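The values are calculated or read from the model by the stated rules, or taken from the named source; none is laboratory data. If you're wondering where the values come from, they're calculated on a predicted model, not measured in any experiment. A quick note on method: Cβ atoms are made from the backbone with ideal geometry, for glycine too, and the neighbour counts reach across all protein chains shown. For accessibility, only protein heavy atoms count, side chains too; no ligands or nucleic acids. Shrake-Rupley method; radii C 1.70, N 1.55, O 1.52, S 1.80 Å.
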Amino acid sequence: MASDDKKTQGGKLTSHDITMLGVRSSLLQAAFSYERMQAGGWAWAQVPVWKKIFGDDKKGMSEAMTDNMEFINTSPPLVSILMGLLTSLEEKHVNRQTIRGLKNGLFGPMAGIGDAIYWFTLMPIVGGIAASFASKGNILGPLLFFIVYLGIFLCRIPFAHLGYNLGTKAIDVIQDNSEIIARVATIMGLTVIGALISSYVGLSLKLKIGSVSLQKDFLDKIFPNILPLGFTFLLFWLLKKKVSPIVLIGVVFVLCIACSFFGIM
């Protein structure tokens, strides 16, 4: 790794900048909302490198901040890889649509990989071993858990450098095939968002006409999941009509409570 004051391959950022990007990524979920999920912490972590990259280019800075305040929900331990990758592309001023598409296409798969490695495999195993030691009064138990957790935290720094270096090496390929990559990344991003919608949105009618269930005996046989699909498109249409996401969240809460109270859903 280069010394802290040495310029990276991009020319504007130093090794220290990328290290601090990894450190700041630890606050990914410090500003969390159900409208944008981790977008606040994601954008905040990258502000210092954007300031160096864009300098007096206020339009470029504005576009970067606007794109990165869109919905994102990924694995905190691995997020610095994605930040480093996209930072290297920002530094080379790669097509905005390509950067946006790569972000949307990669954050979902990285969430699955990170959750499987860290929260479903590594931490349960370490937690079980640590609990076994702790139950016998051995101080090694909590120390072991803390050391592993600290190691995961510190891995954000080399991961940021890894992502940045991978991005730098891939820039020539991306620039030569920018239109194709942008299209593929956008399609991948839309696919990920579609999968998230099918996982997050669930609606089911409890209404019956005589002994016939509208949900099981009618809707599910004609078009399974048509209610979640229709409701999603309705919210999307309202967003396109400039209805505030906060208003829509409030409306959804009220509808859920009302439908549950009257036994509709």
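Restricting attention to the stretch 241-265 and to residues that are within 26 Å of SER213 (Cβ to Cβ) and open to solvent by less than 50 Å² (accessible area, probe 1.4 Å), the residue that is farthest from the chain's Cα centre (by Cα) turns out to be GLY263.
Do the conditions hold for LEU162, that is, is it crowded, with 16+ Cβ neighbours inside 10 Å, at pLDDT 85 or above and either within 22 Å of the chain's Cα centre (by Cα) or not in a helix (DSSP H, G or I) (or both)?
yes
In the stretch 74-85, the residues that are on the phi < 0 side of the Ramachandran plot reach residues that are crowded, with 23+ Cβ neighbours inside 10 Å and of a type in the set (Lys, Arg) with C-beta atoms within less than 8 angstrom, at least six apart or across chains, in these pairs: PRO77/ARG156; VAL79/ARG156; SER80/ARG156. Of the residues making up the stretch 96-106, just one is among the basic types (Lys, Arg) and open to solvent by less than 10 Å² (accessible area, probe 1.4 Å), namely LYS103. Just one of the numbered conditions (1) over 19 Å from ALA160 (Cα atoms); (2) at pLDDT 85 or above; (3) outside any helix (DSSP H, G or I) is not true of GLU35: (2). Total residues in the stretch 1-13 satisfying the condition of being outside any loop (DSSP other than H, G, I, E, B) and either at pLDDT 90 or above or of a type in the set (Asp, Glu) (or both): the figure is 0.
With respect to the conditions (1) modelled with pLDDT of 75 or more; (2) in a helix (DSSP H, G or I); (3) not β-branched (Val, Ile, Thr), PRO224 lacks only one, and its number is (2). In the stretch 14-25, the count of residues that are without any contact (Cβ under 8 Å) to a residue 24 or more places away in the chain, assigned to a loop (DSSP other than H, G, I, E, B) and more than 15 Å from ILE99 (Cα to Cα) is zero. Evaluated against (1) of a type in the set (A, V, I, L, M); (2) open to solvent by 10 Å² or more (accessible area, probe 1.4 Å); (3) over 12 Å from the mean Cα position of the chain (by Cα), LEU89 falls short on exactly one condition, (2).
Once the stretch 81-122 is narrowed to residues that are out of contact with any strand residue (DSSP E or B) (no Cβ under 7 Å at 6 or more places or on another chain) and of a type in the set (Phe, Trp, Tyr), the residue that is farthest from SER62 (Cα to Cα) is PHE120. Every condition in (1) in a helix (DSSP H, G or I); (2) modelled with pLDDT of 80 or more holds for LEU219 except the one numbered (2).
Quick grid of which residues meet (1) modelled with pLDDT of 80 or more; (2) crowded, with 16+ Cβ neighbours inside 10 Å; (3) outside any helix (DSSP H, G or I); (4) more than 23 Å from the chain's Cα centre (by Cα):
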| position | (1), (2), (3), (4) |
| --- | --- |
| LYS169 | no, no, no, yes |
| ILE181 | no, yes, no, no |
| THR186 | no, yes, no, no |
| LEU239 | yes, no, no, no |
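Conditions (1) in the same structural domain as GLY60 (by TED's automatic domain parsing); (2) open to solvent by 30 Å² or more (accessible area, probe 1.4 Å), marked per residue:
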| residue | (1), (2) |
| --- | --- |
| LEU82 | yes, no |
| VAL94 | yes, no |
| THR121 | no, yes |
| GLY127 | no, no |
| PHE153 | yes, yes |
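Would you call ALA45 farther than 24 Å from ILE187 by Cβ, in contact with a helix residue (DSSP H, G or I) (Cβ under 9 Å, 6 or more places away or on another chain) and not in a helix (DSSP H, G or I)? For ALA45, the condition - farther than 24 Å from ILE187 by Cβ, in contact with a helix residue (DSSP H, G or I) (Cβ under 9 Å, 6 or more places away or on another chain) and not in a helix (DSSP H, G or I) - is not met.
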